[in-house]
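The block underneath contains the structure these notes are about, expressed in structure tokens.
The values are calculated or read from the model by the stated rules, or taken from the named source; none is laboratory data. Small disclaimer: the values here were computed from a predicted structure and weren't measured. FYI the Cβ positions are ideal-geometry reconstructions off the backbone, even for glycines, and counts take in every protein chain you see. Each accessible area value is taken on the protein alone, full model and side chains, heavy atoms only, with ligands, DNA and RNA left out. Shrake-Rupley method; radii C 1.70, N 1.55, O 1.52, S 1.80 Å.
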Amino acid sequence: MKDHRMTNRLDAITSIETFIIDIPREVPYLGPLREGESVNAKGYLVRKGNRSIYPASDLSVVIKITGESGKVGWGETYGIAAPEAVKAIIDNLLAPVMLGRDPSDAAVIHEDLYDLMRVRGFFGGYYLDALAGLDIACWDLFGQVTGLSVTQLLGGKRHDRLPAYVSGLPRATLKERCDLAVEWVGKGFKAIKFAAAVSDDGVVAEMAALREAVGDGIHLMVDLHWKFEASEAIRLIRKLEPYDLYFAEAPCQPEDIEGQTRVARGIGVPLALGEEWRTTYEYRPRFEARAMGIIQPEIGHTGITEFARIGVMAQAFHTNIIPHASISLGLFMAASLVSTAALQRVPYHEYQHSVFDRNLAFTDGVMGCADGYYTLPEGPGIGVRPNDSIFNYIRKV
Ligand code: MG
């Protein structure tokens, strides 16, 4: 092993491996299949409610970076659809470029990799997902080598725990969804979000029933799943305000900055946006337009470098941060929690209960969600490590 003190290098990346993980689930994400919905031969289904494609199982891309020191950094990126694309970008394009780099240059490496494809127009999508997973693994290795947590590396710990909001009520009927909401309140959770994509009785009826069920003092929010034109969205959200809506999420199509801004100005509750954007470049015009009151960065898309920069930008624009939580084996969730712990203006972190709790079995380390709060991972890097059970679910490409 080289003595890196001579060169001021902490370590050098010697190998990068990627794994597609495929975990079967009994009930598809967003709840049971509805009329006209079916799983195709490749294992995907299209939700009629929001015209989006979802896998019938939980898919993820896990990344392992090993240093010359022998230490290992773990990362994970968004693998919800066609994870093979992300794996190919990493294995064939990015991993060879990263060999020999010092993981303590994590943010610099992220910028360098972004530059490789920017003039070809790769500003987002699968390319940035690949960067996100590598970035998390790189920061984790940085933490393993220094013995410091990502929270410390980002500037310090501001939260000992994070309030969690319950995301989604995956049951077939409104009555069952109300019962499930009451169950969560009984477990100590103070905030619940429902999904317009599966509100068959109408969004207002769903909100009214949920408020009636949980009573006052519980934050209720709605995910509108990019379904509405701006004026329609304003009219609808105003009808939800008498039921004390906490925030309205993603009412208009993701590209529609003007529509998002009109909605933000036309309603009396915060507009929450951002789960699909990956860089400060995508966030900046929305901040400048004052298009949202809450941002929802997804670290599986952004990686730690951009997540932290987006978070600082939110602080500069006096905007709250409620990080998004997608289908994660726990690795990018851990990255999100330890990165969020360094940020101000964080009323909640999203909690995908149907995924997070089950997947705790795949990682070792302190992390959990109970009584309305996340327990934050502890220790170097992202704080949790995958255990061997995760590798029983590797999909062969
Ligand atoms: Mg959403």
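General observations
- For the stretch 152-381, the gyration tensor built on C-alpha atoms gives an oblate shape. Its axis ratio a/c (a ≥ b ≥ c) is at least 1.5, and a/b is not larger than b/c.
- Summed side-chain charge close to Ile53 - residues other than Ile53 whose Cβ falls under 13 Å, Lys, Arg +1, Asp, Glu -1: +3
- Sorting Asp135, Asp371 by solvent-accessible area of protein heavy atoms yields Asp371, Asp135, largest first, with a 1.4 Å probe.
- J(HN,Hα) series, the stretch 106-114, from Karplus relation 6.51 cos²θ - 1.76 cosθ + 1.60, nearest Hz, glycine and proline x: 3, 5, 5, 4, 4, 5, 5, 5, 4
- Computed in the context of the full set of protein chains, the accessible area of the chain at 1.4 Å probe radius has 51% of its extent on carbon or sulfur.
- Applying the Karplus relation 6.51 cos²θ - 1.76 cosθ + 1.60 with θ = phi - 60° to the stretch 221-228 yields 3J(HN,Hα) values of 10, 10, 9, 8, 6, 6, 8, 10 Hz, where x marks Gly and Pro.
- For the chain, fraction of C-alpha pairs farther apart than 27 Å, in %: 48
- Taking all protein chains into account, the per residue accessible area for the stretch 152-381 stands at 37 Å² (1.4 Å probe).
- Put simply, the amide H of Tyr374, placed in the peptide plane, has neighbours under 5 Å in Leu162, Ala164, leaving out anything fewer than 5 places away on its chain.
- Beta bridges per DSSP with both ends in the chain, % antiparallel, nearest 5: 60
- Distance between the C-alpha centres of the stretch 234-306 and the stretch 217-232: 10 Å, rounded to the whole angstrom.
- The stretch 330-397 and the stretch 19-69: distance between their alpha carbon centers, rounded to Å: 18
- Entries in Lys48/Lys193; Lys48/Lys239; Lys193/Lys239; Lys48/Lys227 that, when Cα-Cα distance is taken, lie over 22 Å: Lys48/Lys239
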